[in-house]
Amino acid sequence: MGPRARLAIAGVYLALQAALVLSAERRPDRAFGFRMAAESSTVVVALSRELRAPEGATDAVVVVSVKDGEWVAHDGTGKPRRIEWRDRVHEPELATFDTAVDATAGAVATVARLQAALDDVATHTPDDTETRALLADIVVQRNGREPYAVHLRSVPR
C-alpha cells in the first residue's frame, strides 16, 4: 500500500473518531464523549403491571405492583406461570427494585436502558397473557440535586 493510500485511511479514521466525539451529546450514554468527572446519580425503580380490569369493574385497567421483579400470571390455557424479570435482564443496575442503585452510565442513559428493558421483557413473556404493559416509576437523583420522578411504560402487549 502506498503512502497516499495510508494517508487516506488515516484521514478517514480520524474523521470517524472526530464524528463520534462531536456527536456524543446526542446519545443517552454520551459514549465517546469526554467527561471531566463521572456523574454521581442514583435511581430507585418501582416495577408494576397494567392488567385488564375484571369484567363488571368500573375502571378499564388495574395496576399491580411487582415485588422484586417476580410475578405469577396465567398463560393462554389458564395455568399460573412464574415470570422473573431477571430471566431477561441480567444487569444489576436494571434488575434491582425499590432500592437506590448507582446510575453508573448516568441518569439519562439508565432511564433509556430501563425503557429498553421494559420493552424487551414485555415482548418476550408469552406465558403472561394478563399483562397489558409493564410500568416503571423511577425516582432519579442526579449529582445530589433535588430528585425527580420519571414514569415509563412498555410497548403494549
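Bear in mind that the values in this text are calculations on the coordinates, not laboratory data. Small disclaimer: the values here were computed from a predicted structure and weren't measured. Cβ: placed from backbone, ideal geometry, glycine included. Neighbour counts: every protein chain shown.
Structural remarks
- Calculated SAXS-style log₁₀ I(q)/I(0) at q = 0.16, 0.21 Å⁻¹ - the chain, Debye, Cα scatterers: -0.92, -1.29
- Net charge over other residues, Cβ less than 11 angstrom from the Cβ of Asp102 (K, R count +1; D, E count -1): -2
- Compared with the direct C-alpha span, the chain from Val21 to Ala149 gains 43.1 nm at full extension, assuming 0.36 nm per residue.
- For Glu130, distant residues with modelled amide H under 5 Å away: His74
- Theoretical gain in end-to-end length, Val63 to Leu51 [0.36 nm per residue, Cα-Cα removed]: 3.7 nm
- Given the chain, longest segment not containing exposed loop chymotrypsin sites (Phe, Trp or Tyr not before Pro) (DSSP; at most 16 other Cβ within 10 Å): 35-157
- Most to least packed among 120-126, 21-27, 131-137, 102-108 [average Cβ atoms within 10 Å]: 131-137, 102-108, 120-126, 21-27
- For the chain, built as a Gaussian network whose Cα springs stay under 10 Å, the top-fluctuating residue of Gln17, Gln141, Gln115: Gln17
- Between the listed residues Leu114, Val21, Thr77, the Cα displaced farthest toward the positive end of the dipole of the chain, a dipole computed from Cβ unit charges relative to the Cα centre, is found at Val21.
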